[in-house]
1. Quick check: at a probe of 1.4 Å, how many percent of the accessible area of segment 40-111 sits on carbon and sulfur atoms?
2. For segment 53-110, rounded, prolate or oblate, judged on the Cα gyration tensor with a ≥ b ≥ c (square roots of eigenvalues), a/c < 1.5 rounded, else prolate if a/b > b/c?
3. Under a 1.4 Å probe, what is the accessible area of segment 33-108 per residue, stated in Å²?
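The values are calculated or read from the model by the stated rules, or taken from the named source; none is laboratory data. Because the structure is predicted, anything quoted here is derived from the model rather than measured. When the accessible area is computed, the model is the full protein with side chains, heavy atoms only, and any ligands, DNA or RNA have been set aside. Shrake-Rupley method; radii C 1.70, N 1.55, O 1.52, S 1.80 Å.
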Amino acid sequence: KISTTPTMVKTKEDRSGWVAVQPEFSSTTTAGGSSGDLGPPPIKPAKSAYQFFQKENASSIHAELASAAGGKADVGALGREVSSRWQNLSPSERSKYEKMAEEDKFRFRSESHK
């Protein structure tokens, strides 16, 4: 069967005169509805000795794994290798990172108890 109703052609609405406005509810508004000071930034939690070790050594370990694997390194392999090297650190080498963790723990406690 052939439809006998005429087809309607929709024209595109002209939006050139529209003005962008800030949404009524956004994450930068306070309970009163006005945007303003959101308070102090959140306090970063203290890092562990392992996290300091990982941050310092992950890029060099990644480069080693990538060169050994032909340019691509698996994220899981990187995590396993960092963990393995952390476990094989001598107590004297590990003490450097433990000292950094203690200093960061002190920073966290002093910032959180103001």
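1. On the way: 2940 of 5160 Å².
Of all accessible area on segment 40-111, carbon and sulfur atoms account for 57 percent.
2. On the way: a/c = 3.34, a/b = 2.15, b/c = 1.55.
Note, shape of segment 53-110 comes out prolate.
3. Working: 5430 Å² over 76 residues.
Value for segment 33-108: 71 Å² per residue.
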